[in-house]
Amino acid sequence: MAATIAGARERGEPGQSGDTCRRALYFCGSIRGGREDRALYQRIVSRLRRFGTVLTEHVAFAELGAQGEEAAGGDRLIHERDLAWLQRADLVVAEVTQPSLGVGYELGRAAALNKRVLCLFRPQSGRVLSAMIRGAADGSRFQVWDYEEGEVEALLDRYFETHPPE
C-alpha cells in the first residue's frame, strides 16, 4: 500500500483520483517545521474528504516524519508537484498554528493565484500568528479563523455550508 501511494505521489497523482466532479481541496500543514499536530491534520483531512478530493492528504500520514517525504526527484519534484496541485485546487485549507516556512510559501502562492483560502489557528497554543497571514485576511477569499481543537470538524462544516463551490 505505501509503495502504491509513494508511486502515485511521484507521478503527481492526488490521494483520491478519478473524481473530476468533486471540489479539489489543497490542505497545508507543517511537515519539516514540526509534526506535533499530525493527529489533528488527520482529523482535518478526514473531514475535508466529505467536501471534495483532498489533493495533499499525505500531509496527515502517520509515516510522514519531520524529515518530509522522499521522492525520486527530490525537493524539486515535490515543489513542482505541489504547485501543480495548488493550481488545480478550488480551495486551500491550512492549519497554521505550527509555524512552517512551507505552509507560508504555499499560502503566498495561493493568494497570488487568487485561490480561496481558509487558515485555521489555535490561539490557546500560546503562539502568535504571523502578521503576514492574519494581515492577508480580507473576510472573503482569504480567511483566518481562530478555533479550539475540539471544534475543528464543526468549524469546517460551517465553512462549507456558508461557502458553496464557485
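The values are calculated or read from the model by the stated rules, or taken from the named source; none is laboratory data. Predicted model only: the values in this text are computed from it and were never measured. FYI the Cβ positions are ideal-geometry reconstructions off the backbone, even for glycines, and counts take in every protein chain you see. These area figures cover heavy atoms from the full protein model, side chains too; ligands, DNA and RNA do not enter into them. Shrake-Rupley method; radii C 1.70, N 1.55, O 1.52, S 1.80 Å.
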Has the stretch 17-40 got any residue that is modelled with pLDDT under 50, open to solvent by 20 Å² or more (accessible area, probe 1.4 Å) and within 16 Å of the chain's Cα centre (by Cα)?
no
For the stretch 143-166, enumerate the residues that are open to solvent by 70 Å² or more (accessible area, probe 1.4 Å), farther than 19 Å from Leu86 by Cβ and either touching a helix residue (DSSP H, G or I) at 6+ places or on another chain (Cβ under 9 Å) or of a type outside the set (Gly, Ala, Ser) (or both).
Asp146, Glu148, Glu149, Glu151, Arg158, Glu161, Thr162, Pro164
Can you give me the number of residues within the stretch 76-94 that are open to solvent by less than 30 Å² (accessible area, probe 1.4 Å), within 21 Å of Asp138 (Cα to Cα) and not β-branched (Val, Ile, Thr)?
4
So which of Leu64, Leu48 is at pLDDT below 95 and either open to solvent by less than 50 Å² (accessible area, probe 1.4 Å) or touching a Ser or Thr at 6+ places or on another chain (Cβ under 9 Å) (or both)?
Leu64
Filtering the stretch 31-90 for residues that are outside any helix (DSSP H, G or I) and of a type outside the set (S, T, N, Q) leaves a count of 27
Among Val103, Val54, which is crowded, with 20+ Cβ neighbours inside 10 Å and either in contact with a His (Cβ under 7 Å, 6 or more places away or on another chain) or more than 19 Å from Gly34 (Cα to Cα) (or both)?
Val54
Sole exception among (1) open to solvent by less than 30 Å² (accessible area, probe 1.4 Å); (2) modelled with pLDDT of 95 or more; (3) not in a loop (DSSP other than H, G, I, E, B) for Thr97, by number:
(3)
Which condition number does Ser140 fail, the rest of (1) among the hydroxyl-bearing types (Ser, Thr, Tyr); (2) over 25 Å from Arg32 (Cα atoms); (3) open to solvent by less than 60 Å² (accessible area, probe 1.4 Å) being met?
(3)
Which of the residues belonging to the stretch 113-137 are open to solvent by 40 Å² or more (accessible area, probe 1.4 Å) and not in a loop (DSSP other than H, G, I, E, B)?
Pro123, Gln124, Ser125, Ala131, Met132, Arg134
